[in-house]
Amino acid sequence: MTAVHFDTYSRARTHLKDLLDAAASGRAATVRRDSETVAVVDAERFRYALSRLQPSEAVVVAEAGGWSAFLPGLPISGDGDTLDEAVSDLVLALREYAEDWNDHLLTAPNHRENWGLIQLVGLSTDEQLREWVLGQSR
């Protein structure tokens, strides 16, 4: 099968199964609504692609008898007595940042470009985020 494109929301709704089947199989699937076109994608494929397109580049350092982890250029960090605790705290900080971004930071000039990161956080489990932070994404 080829890509699936619907020029109206009504037509897409009538063919919702075809739209979702196309997305699940990895084919391009789009819906046009007024002047905008949106893509429907399989969530796991999208999460995986985002994790590859945006490596975490996390910095993890041992300091003062504990560990710190942070994402350079972002107001996101975690601390703990062990490496595992610091990474867990960073994952929690990522979740909190995503919540703040969705609530009020999405239009802030110094945060709006973090859309991809927010999507990655929203589509990932804590374990997947841990793997991403540590550069072990699958």
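Brief remarks on what is shown
- Residue check for T30: touching a Lys or Arg at 6+ places or on another chain (Cβ under 7 Å) and not charged (D, E, K, R): no
- Some residue of the stretch 94-103 being free of Cβ contacts under 8 Å to residues at least 40 places away in the same chain, surrounded by 13 or more Cβ atoms within 10 Å (Cβ to Cβ), in contact with a strand residue (DSSP E or B) (Cβ under 9 Å, 6 or more places away or on another chain) and over 19 Å from V41 (Cβ atoms): yes
- If you go through the stretch 2-22 and keep only what is loosely packed, with under 14 Cβ neighbours inside 10 Å, under 25 Å from the mean Cα position of the chain (by Cα) and in contact (Cβ under 8 Å) with a residue 12 or more places away in the chain, you end up with just A3.
- Residues in the stretch 73-93 that are modelled with pLDDT of 95 or more, touching an Asp or Glu at 6+ places or on another chain (Cβ under 9 Å), under 25 Å from A108 (Cβ atoms) and not in a strand (DSSP E or B): I76, D89, L90, V91, L92.
- Residues of the stretch 1-22 classified as in a strand (DSSP E or B) and of a type in the set (F, W, Y), total: 1
- Taking the conditions (1) farther than 21 Å from D126 by Cα; (2) within 14 Å of the chain's Cα centre (by Cα) in turn, R45 satisfies each one other than (1).
- Residue ID - surrounded by the fewest Cβ atoms within 10 Å (Cβ to Cβ), chosen from residues in the stretch 23-57 that are part of a loop (DSSP other than H, G, I, E, B) and not small (G, A, S): D34
- Within the stretch 58-71, the set of residues being farther than 21 Å from L123 by Cα and not in a loop (DSSP other than H, G, I, E, B) comprises V59, V60, V61, A62, E63, G66, W67, S68, A69.
- The condition of being under 13 Å from the mean Cα position of the chain (by Cα) and in contact (Cβ under 8 Å) with a residue 24 or more places away in the chain holds for only one of L90, L123, that being L123.
The values are calculated or read from the model by the stated rules, or taken from the named source; none is laboratory data. All figures in this text were calculated on a predicted structure; none of them were measured in a lab. Every residue, glycine as well, gets a Cβ built from its backbone with ideal geometry; the counts of neighbours run over all protein chains shown.
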